[in-house]
Amino acid sequence: MKTASRPLLALTSLACTLLAATILSARAQTVTPEPVQTAQAQTERTNRNLAQKVADFGLVPNPQPLIPQGLRRSANPSEDGRGVIGRDDRRRMTSRAYPWSAIGRLQSPVGQNQVSICTGSLIAPDVVLTNAHCVVDERTNQVRQNITFAPNLIDGAVVRREDVAQVVDVIYGTDFRDGNAAPHPNDWAFAKLDRPIGTIYGTLAWTSLPLSQLVNRPYSGQLTLAGYSGDFPADNPGRTAGVHVGCSILGEVEGNIIHDCDTTGGSSGGPILAQINGEFRIVALNSAEFTRTYEDGPGQRVREGVVNYGVKIDPIVAFIRQFAR
């Protein structure tokens with residue numbers, strides 16, 4: 001992407017964030033040296049590996065949701081009762097019902113006393129959909145180590161501790177070696193888990209809709225974004241997802257969608273959901289935000305959301321169709 005055509009604003013944060021925590025150090029990995037290959041041979045090998053991964057992950061262009069028998073359904077994310085644009089319309093995601101049960105928090109260690117947090121959605125029993133920058137470090141272009149996924153995390157707790165899953169493999173749309181940081185139109189990733197927890201919590205499916213439909217009725221003002229933002233809830237940030245019900249996709253910039261759903265750091269990879277034929281479907285992913293900072297009185301600096309970015313479903317479907325057998 002060329003940055004010249006973007007608004008003259010500072011990109012203050014991705015929608016991922018860092019939280020202080022006590023963590024184990026990442027394990028170093030060793031690899032066996034391989035002989036030098038031609039560029040064509042490397043490309044062919046990469047394509048074979050990707051095709052095998054797509055098969056191993058069980059990815060298909062048009063997945064169907066899994067709603068386990070006995071798992072209750074609810075359209076209400078708050079059953080117990082920031083680029084934030086304008087008024088903060090988020091509420092706590094405290095429901096254990098589907099589809100909220102299929103949304104969870106990804107985290108990975110950063111240094112010795114912090115973790116990076118993101119949001120992801122179960123789209124297969126053992127596969128989570130999120131952003132590429134949630135699984136790839138943009139500075140080193142390397143896959144993050146010791147990534148875990150906590151399904152339906154509420155107040156920092158899951159239903160069963162044994163359901164916190166380890167990420168064992170990833171497929172991503174970009175490793176940011178092209179020099180483009182998020183917002184990036186291929187900032188998507190699949191994370192394969194070490195256990196099929198989607199059979200318990202359910203899985204979400206996506207629907208690829210044209211932008212012309214998403215920005216107009218019946219979807220304008222009717223979308224929902226869920227994410228583990230680092231500023232929400234104010235009393236315990238990042239430990240319960242915030243949900244903005246009634247937001248909109250506004251348009252497209254350089255291959256990325258722009259939206260007005262309230263969000264701040266930590267909600268990277270959070271699903272933007274639409275109800276289609278009475279069923280919640282992922283129609284985009286949250287990814288990054290532009291903000292502006294201004295003075296609101298002596299010593300009072302305020303950071304205000306201007307526009308938020310997201311990833312379309314189209315490139316995800318195109319990738320799977322390319323490599324699916």
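The values are calculated or read from the model by the stated rules, or taken from the named source; none is laboratory data. Here the structure is a predicted model, which means the values were calculated and not measured. As a convention, Cβ positions derive from the backbone with ideal geometry for all residues, glycine included, and neighbour counts pool all protein chains shown. Ligands, DNA and RNA are stripped out before the accessible areas are found, and what is left, the full protein with its side chains, is counted by its heavy atoms. Shrake-Rupley method; radii C 1.70, N 1.55, O 1.52, S 1.80 Å.
How would you order 267-277, 246-256 from highest to lowest mean count of nearby Cβ atoms within 10 Å?
My ranking of the peptides, most packed first, is 267-277, 246-256.
Provide 46, 148, 119 ordered by accessible surface of protein heavy atoms (probe 1.4 Å), highest first.
Solvent-accessible surface, decreasing: 46, 148, 119.
Just to check I understand the Karplus step: with θ = phi - 60° and J = 6.51 cos²θ - 1.76 cosθ + 1.60, what whole-Hz values come out for the range 104-114, glycine and proline as x?
3J(HN,Hα) across the range 104-114, in whole Hz: x, 10, 9, 8, 8, x, 10, x, 9, 9, 9.
What is the local net charge at residue 158, summed over the other residues whose Cβ is closer than 12 Å to its Cβ (Lys, Arg +1; Asp, Glu -1)?
With Lys, Arg at +1 and Asp, Glu at -1, the net is +2.
Net charge within 11 Å of residue 98 by Cβ-Cβ distance, Lys/Arg positive one each and Asp/Glu negative one each, not counting residue 98 itself?
After counting each charged neighbour, the total is +2.
With a ≥ b ≥ c the root eigenvalues of the C-alpha gyration tensor of the range 165-209, is it rounded (a/c under 1.5), prolate (a/b larger than b/c) or oblate?
Here the range 165-209 falls in the oblate category.
When only DSSP loop residues count, what trypsin sites (Lys or Arg not before Pro) in the range 97-181 have their Cβ near at most 14 other Cβ atoms within 10 Å?
Sites meeting the loop and neighbour criteria: 139, 160, 177.
Collect residues whose amide H, placed 1.01 Å from N in the peptide plane, falls under 5 Å from the amide H of residue 251; neighbours closer than 5 in sequence don't count.
258
What is the set of long-range amide H partners of residue 73 at a cut-off below 5 Å, with H atoms built 1.01 Å from backbone N?
98
Would you grab the residues whose amide H sits under 5 Å from the one on residue 272? Only those 5+ places off in sequence or on another chain, please, with H modelled 1.01 Å from N.
Amide H neighbours of residue 272: 283, 284, 285, 286.
Sorted by accessible area (1.4 Å probe), largest first, how do 178, 126 line up?
Of 178, 126, the descending order of accessible area is 178, 126.
Less than 12 Å Cβ to Cβ from residue 210, Lys/Arg counted +1 and Asp/Glu -1: what total charge do the surrounding residues give?
Overall, the nearby charge balance is -1.
With the full set of protein chains in place, find how many percent of the accessible area of the range 134-190 is carbon and sulfur; take the probe as 1.4 Å.
Carbon and sulfur atoms account for 44 percent of the accessible area of the range 134-190.
If you plug each phi of the range 253-262 into the Karplus form 6.51 cos²θ - 1.76 cosθ + 1.60 with θ = phi - 60°, what whole-Hz ³J(HN,Hα) values come out, in order, with x for Gly and Pro?
Working through the residues one at a time gives 9, 6, x, 9, 7, 10, 9, 10, 6, 5 Hz.
Using the heavy atoms of the protein chains and a 1.4 angstrom probe, tell me the accessible area per residue for the range 92-164 in square angstrom.
33
Enumerate the calculated ³J(HN,Hα) couplings along the range 145-151 in order (Karplus 6.51 cos²θ - 1.76 cosθ + 1.60, θ = phi - 60°), each rounded to whole Hz, writing x wherever the residue is Gly or Pro.
9, 6, 7, 10, 10, 10, x
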